[in-house]
Amino acid sequence: MTAPLRLGIAGLGTVGAGVVKIIRKKADLLSARSGRAIEISAVSARSKDKDRGVPLAGYAWEDDPVALAKRADVDVFVELMGGSDGPAKAATEAALAAGKDVVTANKALLAHHGQALALMAEEKGALIRFEAAVAGGIPVIKSLLEGLAGNDITRVMGVMNGTCNYILTRMQSAGLSYAEVFEEANQLGYLEADPNLDVGGIDAGHKLALLASLAFGTQVNFPGVELQGIGELTIEDIKAAADMGYRIKLLGVAQMTARGLEQRMSPCLVPDTSPLGQLEGGTNMVVLEGDQVQQVVLRGPGAGEGPTASAVMGDVMDLARGIRPAIFGQPASTLVAATPASSAAPAPYYLRFSLLDKPGALAKVATVLGEAGVSIDRMRQYGHADASAPVLIVTHKCARQELLAATRAMQGLDVVVGAPVALRIEDL
Ligand code: HSE
């Protein structure tokens, strides 16, 4: 039997404690499957005395994760602290400098420093594995690295922040406002310490940037992700979208186009009958499209102890078995620095606005849309008690610049009350 694989685990929060539990409970299964024992040599966390529901007495303790990462009895440094810089980065660099493999759940660290860390790892013959960083328990990175390696990936899409999906689906089902459901999510402990990571789309944007690198052979480029959060969505839009046969999702889309690499994380409409449209609550979904496979849909829990620890263990087991694909699918030195696309691929759009209910008002809007090159596909005007009528329009495919020109011109019309809301409808 091969020598045991010895782990050093930094960070004993929900996920870290979950990993320790799996290694303790499933020792026989893990060694039967990998051909070697998986052991924990040492652990590190902020507080030594906290009860984490799992015995730690058998493991060496390090206050300093950097010291943990450098230990001679650690083969794999498991980084579960989080944060794009600070101790997580310092300890990861220390592990790599010592030639040790790293398993991490840290999307922020890799979204900001993925390319530099991958180069550093490769120089030392070390690996960074990060299944748990994207979509929790869904094995999406393994799917891209291995199962779909024979495809040209054409598009990656996903709902990759469970908190946002919870908020949006709860608004829809209970008819509550964004502020009310945000508070509920807060009470339930669903929000990150900085809620803007969730509702601002940043957490999901980090994940999208990692998937784009794997999919398109490009260097991780988080600043190239166009980000728009869900904070401005209203219950009126959720209801109106539903009335037209759509659901609103915080949707990530990455695709390589002739205009460059498009990476968008923004609220989009998707058909309510599509797998993405039917995704409820905190669940995640990733849609991978390849020239050979066409479309693969992966659905599963995006966070939580069991699912995230499951993803960490998948990486640990690969290392134990000697499965060592390049960190981002090909050597980091061969990844290209893709130019971010200057504009998004054309799409249909949803437009909601209030219109003074008087003769010729709609004609003025139609003229402005037509002049901007935007064609109407469907339209609905609702009954109303006051002077202005709620109107919904679904456009045919148009360029975003055309749509923006149209909404700007609409705001100049004396019959349009307030600013129109425009949301992209993603082609599925
Ligand atoms: N806060 C994330 C979510 C999980 O709600 O999906 C961690 O990335």
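The values are calculated or read from the model by the stated rules, or taken from the named source; none is laboratory data. Note that this is a predicted model, so its numbers are computed, not measured. Counting neighbours? That spans all protein chains shown, and the Cβs are built from the backbone with ideal geometry, glycine included. When the accessible area is computed, the model is the full protein with side chains, heavy atoms only, and any ligands, DNA or RNA have been set aside. Shrake-Rupley method; radii C 1.70, N 1.55, O 1.52, S 1.80 Å.
So in region 283-297, with the set limited to residues that are surrounded by fewer than 17 Cβ atoms within 10 Å (Cβ to Cβ) and at negative phi, which one is nearest to the ligand (Cβ to nearest atom)?
Result: VAL297.
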| query | Got a sec? Which of ASN106, ASN151, ASN165, ASN161 is open to solvent by less than 40 Å² (accessible area, probe 1.4 Å), more than 16 Å from the ligand (Cβ to nearest atom) and not acidic (Asp, Glu)? | reply | ASN151
| query | Looking only at region 42-65, which residues are surrounded by 18 or more Cβ atoms within 10 Å (Cβ to Cβ), of a type in the set (A, V, I, L, M) and within 24 Å of GLU131 (Cα to Cα)? | reply | ALA42, VAL43, ALA45
| message | Checking ALA241 against (1) surrounded by fewer than 20 Cβ atoms within 10 Å (Cβ to Cβ); (2) more than 16 Å from the ligand (Cβ to nearest atom): exactly one of these is not met. Which one? | response | (1)
| request: Sort through ALA185, ALA149 and tell me the only one that's among the small types (Gly, Ala, Ser) and without any contact (Cβ under 8 Å) to a residue 24 or more places away in the chain. | output: ALA185
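Does GLY189 qualify as being open to solvent by 20 Å² or more (accessible area, probe 1.4 Å) and at pLDDT below 95? Spell out how you get there, then give the answer.
On the way: open to solvent by 20 Å² or more (accessible area, probe 1.4 Å): yes; at pLDDT below 95: yes.
Criteria met by GLY189.
Of ALA179, ALA212, ALA121, ALA204, which residue is in a helix (DSSP H, G or I), within 18 Å of LEU298 (Cβ to Cβ) and away from the ligand (no atom under 16 Å from the Cβ)? Working first, answer last.
Details: ALA179 fails: within 18 Å of LEU298 (Cβ to Cβ); ALA121 fails: within 18 Å of LEU298 (Cβ to Cβ); ALA204 fails: away from the ligand (no atom under 16 Å from the Cβ).
After applying the criteria, what remains is ALA212.
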| task | Output yes when any residue across region 254-277 is within 25 Å of PRO331 (Cα to Cα) and either within 16 Å of the ligand (Cβ to nearest atom) or acidic (Asp, Glu) (or both), and no when none is. | result | yes
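Being farther than 28 Å from GLY252 by Cβ, assigned to a helix (DSSP H, G or I) and among the hydroxyl-bearing types (Ser, Thr, Tyr) narrows it down to one of THR407, THR367, so name that one.
Numbers: THR407 fails: farther than 28 Å from GLY252 by Cβ.
Just a single option satisfies the conditions, and that option is THR367.
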| said: Suppose we filter region 391-415 for residues that are touching a strand residue (DSSP E or B) at 6+ places or on another chain (Cβ under 7 Å) and open to solvent by 50 Å² or more (accessible area, probe 1.4 Å); how many remain? | reply: 3
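Please find, among ALA254, ALA320, ALA311, the residue that is part of a strand (DSSP E or B), more than 22 Å from GLU180 (Cα to Cα) and at pLDDT 95 or above.
On the way: ALA320 fails: part of a strand (DSSP E or B); ALA311 fails: part of a strand (DSSP E or B).
None of the other options fit; the residue is ALA254.
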| field | Odd one out for SER310 among (1) among the polar types (S, T, N, Q); (2) open to solvent by 10 Å² or more (accessible area, probe 1.4 Å); (3) more than 15 Å from the ligand (Cβ to nearest atom) | value | (3)
| task | Take LEU176 and decide whether it is touching a Lys or Arg at 6+ places or on another chain (Cβ under 8 Å) and open to solvent by 20 Å² or more (accessible area, probe 1.4 Å). | result | yes
| request: Return a yes/no flag: does region 293-308 have any residue that is closer than 30 Å to SER31 by Cβ, in a helix (DSSP H, G or I) and over 17 Å from the mean Cα position of the chain (by Cα). | output: yes
| Selection within region 1-16 - more than 18 Å from VAL74 (Cα to Cα) and buried (at least 19 other Cβ atoms within 10 Å of the Cβ) | VAL15
| query | Condition test on LEU191, is it within 15 Å of the ligand (Cβ to nearest atom) and part of a loop (DSSP other than H, G, I, E, B)? | reply | yes
